[in-house]
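Here's the structure we're looking at; comments come further down.
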Amino acid sequence: MAAPPTGDSIALLERFVAALAARGIVSEEEIATQIERTDRASPEIGARMVARAWTDPAYRALLLRDGTAAAEQMGVSMAGAPPLGVLEDSATLHHLVVCTLCSCYPRMVLGYPPHWYKSAAYRARAVRDPRGVLAEWGTVLPDGVGVRVVDSTADYRWMVLPQRPAGTEGWDETRLASIVTRDHLVGVALPSAA
Amino acid sequence: MDDTPPPATHDLGGAPRFRCTPVDPDDEAPPDAFGKRVDAIRQILARKGLLTVDEMRRGIEALPEAEYHALGYYERWLRSISGIMAEKGVIGAEDLRP
């Protein structure tokens, strides 16, 4: 669990905000508006992109070619965000995303990164023992499936396009999106029809 | 003779120190009010052209190792961002002192 900030940190933040406000640089109102805007991004956006890619071959091609354009087509503003790349899982290859240096994450389409994504253990182990990390989610890749770990950076963000699970034949996009979670988009778990 | 320098504090990929530390899948911990405020300020400063991601990274990655691991995620951000704003003269260094 993330520890709460220390009293020193809380006091520093308030001094910092007061200094910025006194100089007319950042107001409380701007902070509130920004928090509201940031809170709106969630993994549901990434899930809708995946569901559409599973049902619409043209969109799938766009998603794999230019994730940023594909996100914008879903109404997401990617202005100021680093490019988004999408990693396509196959019957023989699975992808896992990490940011070993910090916490780079496709926030516009997944929202805030979860605490574990930012943890030292995940950052250290995802590249050394990816199957061990996957096992902590109860994820076991079938025999013969390789795993490729991709390091997100400050300049390029990644998301996984998982394989459409068996048993979802005939499902519409909304229903498909409902089974796709943040963990599937990072690659620590695989979607299933159940 | 291997004269590769040791990895920097933030360069945790494969770090042996954490090889046996479990990852807790249930540790969602969305940001608290403190984290959301720091994150919002970062975005506003970036939009106003006062802060780049590389500047923020420099401030985080320059933290001494013990402090880096002792501080929470958004506490590291705050140390970095507030220090850079003082360094650039956007605010006064004295503004941050208790």
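Brief remarks follow.
- Taking 4.7 Å between C-beta atoms as the pairing limit, chain A has these partnerless cysteines: A:Cys102.
- Degrees between helix A:28-40 axis and first principal axis of chain A (Cα, 0 to 90, nearest 10): 10
- Span from the the stretch B:5-48 Cα centroid across to the the stretch A:1-74 one, whole angstrom: 15
- Remark: the Cα gyration tensor places chain B in the oblate category, a/c being 1.5 or greater and a/b not exceeding b/c.
- Across the stretch A:119-194, C-alpha contacts under 8 Å between residues 6 or more apart give a mean separation that, scaled by the residue count, equals a relative contact order of 32 percent.
- Buried between B and A is an accessible area of approximately 4700 Å², summed over both sides with a 1.4 Å probe.
- Using the Cα coordinates of chain A, the gyration tensor eigenvalues translate into equivalent-ellipsoid semi-axes of 33, 21, 14 Å, sorted from longest to shortest.
The values are calculated or read from the model by the stated rules, or taken from the named source; none is laboratory data. Note that this is a predicted model, so its numbers are computed, not measured. When we count neighbours, we look across all protein chains shown, and the Cβ atoms used for this are built from the backbone with ideal geometry, even at glycine. All accessible areas refer to the heavy atoms of the entire protein, side chains included, with ligands and DNA or RNA removed. Shrake-Rupley method; radii C 1.70, N 1.55, O 1.52, S 1.80 Å.
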